Structure formats: C-alpha cells, structure tokens
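Encoded as structure tokens, the structure appears first; notes follow it.
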Amino acid sequence: MALFLLHETAAGYALFEAHGIDEIGQNTEAVRNSVSDLTRFGKVVKLRSFNPFTSALEGLEQINAVSEGIMTDELRTVLETSLPKVKEGKKPKFSLGVAESKIGSHIQEATKIPCQSNEFVNELIRGVRLHFDKFVGDLKPGDLEKAQLGLCHSYSRAKVKFNVNRVDNMVIQAIFLLDTLDKDINSFAMRVREWYSWHFPELVKIVNDNYLYCKVAKYVEDKSKLAEDNIEALTDLVGDEDKAKEIVEAAKASMGQELSPVDLINVHQFAQRVMDLSDYRRRLSDYLSTKMNDIAPNLQSLVGDSVGARLISHAGSLTNLAKCPSSTLQILGAEKALFRALKTRGNTPKYGLIFHSSFIGRASAKNKGRMARYLANKCSIASRIDCFSEKGTSAFGEKLREQVEERLDFYDKGVAPRKNIDVMKSAIEVADNIDTEMETEEVSAKKTKKKKQKAAADEGEDVAVEKAAADKGEDVAVEKAAEITNGDKSEKKKKKKEKRKLDQDADVQDQVVDEAANGESGKKKKKKSKRKDVD
C-alpha cells in the first residue's frame, strides 16, 4: 500500500510520496538513521505537490484550522487533486500519513481517505521538515524562516485575542484600584481633618462625612470671615439650614488658632485634591458597574458589582471562577483561615468573600453557613452562564436572586421555595423573550431606516419633479412671452401691409382720376383743333 505524507508548513501545504516502504518494512530505526542523510532519505521520500498560501492571512487561517483538527476547503482540494482517485465502492490502495491524529480522523470522516499517525509516520515527517527547503527548489534561502517567524507571531497574537467588550482583566484592575482609592481617600480625609482642626476644631463634630468636610473646609477657609450672609451658600453645600447656622455660630466662638494665608492655601489645595479623588472614585465605580454588566451580568445581578468583581479578581479570571466548584467558591478569600483550621484541626471557615453579600448579613447566626453554601451554589451557576453563554442577559441572575430571597424566607418563616427546574424554565422563557424583542427592535430599526431612506429618495424625486415643473413652467412662460411678442410683431406687420394696400389703392384711384381728367382735356383740344380747321 502506497503511503503519502501531509506536511503543513508556514508557506503552504506539501504532499510527499514515500517509496520502498515494503522494503524498509516500516522500520522506525532505519528511517531515523536515514533522516540525516539527504541522499538516502531522498530515495525514500519524493515531493508530489506543493500548494503555497496566497497571503499571510490565509496561512494563519489554515494553521488555526489545522491546530483545531479541522480540514478546510483548501486542504480538501489539495488532497483531492494530488492524491490518486478512488473508484466508488472500492477501497483506496493508499493511506495518508499526518502528524496530528485529530485532523487525520476528520479527513478520514470527510473524504474516506485512510489516515495514519504513528511513530513511523512522525519520523518520516521529521525528515521532510529537516530537508524541506531542498525538496522545494523555488524557495530562496531564508524565505521559509521568514514565513515561519511571521506565522508564529500572527498565531500567537490570534491565540491571545479576545472579545474587547468581555475583558475581565479590566474588572480585576478596577476593583484593585477601588480598594486602593478607598484606603487613600480615607487617610487623606483624616489628614485634612487633622490639619484644618488646628484652625476650626468644632467643624469635625458638626460635619461627619469626609467628602462634605473637605467641601466645607474649602469654602470656609478663614473662619473669621464667616457671617450670616454665608448661611445660604453653606446650606447648599451641607443640605441642611440648621447645620449651616450651627457652623456659623461655631466659627464665631471657635477655640482654634489663626493660620497664615499660605497655610490656608495649602489646606484649600489639599482639600480640593481629596474631593477630586472622591469624584474619580465615583466615576470608577460607575465604570466597574458597566463593565460587570458587559462581562458578568448574571453574577452582578445576584451579588452586586463589588462582590462579583472581587470573586473574579481572586479567582484570576471569569473562566477560572466558572471552573471552581461551589465549595471552593464558598471559601474563596478565606484560604489562610482554612489552612490554619486544617493545621490545628479546628473548625473550617464557612464563607470567604461572599460574606460581604447582603444575603449573608440578613441571615440569622445559625443559618449563615447554610446561606453561604446556597449562595455559593447560585454564584457558581451564574458565573458559568456568564462565561460560556454567547448572549449576555441578566435574566438568569435575577431569577437566581429570587431563589436566594425565597431561601431566606424559608429559613426565617418556613415558606416553601419554588423548585429549581421551574425557576430555570421561567428564566429561559424570559431570556427568549428578550432575544425576540431585540430581534424585533433590530428589524423595526432596519424598516424605519429603509422608510427614511425611501422618504428621502421620494422627497428628492419630488424636488426634482418640482424643479423640472418649474423649469417647464419657465419654458412655457418664455414661449408664451415669445408668442405674445411674435403676435404683436405680426399684428404690426399686418397693419403695415394694410396701410400699404390702402396707400396703393389711393394712388391707383388718383391715377385713374388724373387719367380721366387728362382724357376730357384731350377731347376738348381735338374739338378746338377741328373748329380751327373748319374756320
């Protein structure tokens, strides 16, 4: 039976034919010894066809498919055109050797070509890889190395690519930064309180909130300048008129020492910095909420932004959290207490990070452990739905939250909760309804867009028609004006002609009269001449 070898390179697909396999007897040791010598190996293996990739992008797509064990259309055409054709109903008299058994099984299922992947085939492919540039003569020195380097970089980049909207690393960094900001803002606010208390110590007892204290300290600056006129502005800052009046009265009878203008400026600037940090912390919290809604909407709706983000951060990623069993998720964050309990053979911790959830705080002391176990179970389900579902929806998280609420009522009041299968069915129905609504919205949006485009086109046609009509009207008016002017001219010409005719008729009549008068005078003269002759 003939043996063909498929070798996937960075430059393209190469197909080799192995000769004399029966003589070698598929001896792996003999092949291993002949691999280093090209003259001996070249007698056994011959190049049958080489199909290069047209571009680096195509090469990346093909290698990605090969690494996943998928036969592409290009590889199929290479095999069908290069390998001997098999008649229908007959077994092929050859086999195809591949390096990976996964793609071999896929080729065999799709094309019915028998494939094999064993140590003997791997040794042959190793020899092909070693002398590949000698088999393909058109390759220039260094071309294959460049192609391999470029493909390696592209393949590595493609492997680490991910959906930009579902980057859990952003959540991890945001929650770390939030914790750091909380510590820094608290320490800075205490520093502002201590610093400004030298000047106005009574303000600490009146205003408890750190952010509000910084705002008031920035506004007041010098306590000696506070008067009744400032009560309205202080009321806007504090939100309480009585508290504003109390601040003004305390400033009048304050026991604090005076500060120089330079010191007051520094206190003012530091208070402003603390306020800016607090504002940035608020914006960062909103950013974390939006990112959690994109990445883990079900986990967010179940335990909130902060607890969900801390779980993802402690696990390392959403995928790692989804892989954790609920028992691990329950004590996530309490590793020290766990190992200390195992070492001292004491009681193991009942909860870790999920203790910060409101459900654990609402449960009674004897039910906290049971509540933590139940909540960890639901968090594990929510994280897996968020990690592996293609469409992001919070329907499951809301239903899981309802289940936790029912479990709390069951522990406190004995109200029997719903069955899990019923809750999941209702969640699936809600998710399907959301999908259909989104699809209908997309369809309606497309329809409205088409209508707008059609209306715009119709308006354009109407404008064109109106313009054409206006142009036509102008042409008609011009024609009418021309006709009117032409009519006037023709009437003038007619009048002139009639005048000429009248003049001509008058001339003719005058001539006739003259001729008649001349004829009578001629007769008289003839009569006179006759009379003279007679005389």
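The values are calculated or read from the model by the stated rules, or taken from the named source; none is laboratory data. In this text, all values refer to a predicted model and were calculated from it rather than measured experimentally. Counting neighbours? That spans all protein chains shown, and the Cβs are built from the backbone with ideal geometry, glycine included. For the accessible areas, the whole protein counts, side chains as well, though only heavy atoms, and no ligand, DNA or RNA atoms are used. Shrake-Rupley method; radii C 1.70, N 1.55, O 1.52, S 1.80 Å.
Okay, here's what the table says:
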read-out	value
Residue within the range 194-201 that is surrounded by 13 or more Cβ atoms within 10 Å (Cβ to Cβ), part of a helix (DSSP H, G or I) and of a type in the set (Ser, Thr, Tyr) present	yes
Scope the range 69-110; condition within 24 Å of TYR155 (Cβ to Cβ) and free of Cβ contacts under 8 Å to residues at least 24 places away in the same chain; matching residues	THR72, ASP73, THR77, SER101, GLY104
Residue within the range 20-33 that is polar (S, T, N, Q), in a helix (DSSP H, G or I), open to solvent by 80 Å² or more (accessible area, probe 1.4 Å) and closer than 21 Å to ARG129 by Cβ present	yes
Scope the range 111-157; condition without any contact (Cβ under 8 Å) to a residue 12 or more places away in the chain, closer than 18 Å to LEU47 by Cβ and in a helix (DSSP H, G or I); matching residues	ASP133
Identity of the residue in the range 317-332, open to solvent by less than 40 Å² (accessible area, probe 1.4 Å) and part of a loop (DSSP other than H, G, I, E, B), that ends up farthest from LYS378 (Cα to Cα)	SER317
Matching residues, the range 373-390, being without any contact (Cβ under 8 Å) to a residue 12 or more places away in the chain and open to solvent by less than 50 Å² (accessible area, probe 1.4 Å)	SER389
Matching entry among SER389, SER383 (being in contact with a Gly (Cβ under 9 Å, 6 or more places away or on another chain) and closer than 24 Å to ARG310 by Cα)	SER383
Selection status of ARG370, closer than 21 Å to MET424 by Cβ and open to solvent by 20 Å² or more (accessible area, probe 1.4 Å)	no
Residues of the range 210-234 classified as open to solvent by 60 Å² or more (accessible area, probe 1.4 Å) and either on the phi < 0 side of the Ramachandran plot or in contact with a strand residue (DSSP E or B) (Cβ under 8 Å, 6 or more places away or on another chain) (or both), total	7
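Residues are listed down the side, and each one gets a yes or a no for (1) over 29 Å from ALA365 (Cα atoms); (2) among the β-branched types (Val, Ile, Thr); (3) open to solvent by 60 Å² or more (accessible area, probe 1.4 Å):
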| position | (1), (2), (3) |
| --- | --- |
| GLY414 | no, no, no |
| MET424 | yes, no, no |
| GLU439 | yes, no, yes |
| GLU442 | yes, no, yes |
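Here is a yes/no grid of residues against (1) in a helix (DSSP H, G or I); (2) basic (Lys, Arg); (3) buried (at least 18 other Cβ atoms within 10 Å of the Cβ); (4) under 42 Å from the mean Cα position of the chain (by Cα):
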position	(1), (2), (3), (4)
ARG76	yes, yes, no, yes
THR81	yes, no, no, yes
PRO84	no, no, no, no
LYS87	no, yes, no, no
LYS91	no, yes, no, no
SER105	yes, no, no, yes
GLU109	yes, no, no, yes
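Here is a yes/no grid of residues against (1) at pLDDT 90 or above; (2) surrounded by 14 or more Cβ atoms within 10 Å (Cβ to Cβ); (3) under 45 Å from the mean Cα position of the chain (by Cα); (4) part of a helix (DSSP H, G or I):
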{"residue": "GLU258", "(1), (2), (3), (4)": "no, no, no, no"}
{"residue": "PHE270", "(1), (2), (3), (4)": "yes, yes, yes, yes"}
{"residue": "SER301", "(1), (2), (3), (4)": "yes, yes, yes, yes"}
{"residue": "SER306", "(1), (2), (3), (4)": "yes, yes, yes, yes"}
{"residue": "ILE312", "(1), (2), (3), (4)": "yes, yes, yes, yes"}
{"residue": "LYS336", "(1), (2), (3), (4)": "yes, no, yes, yes"}
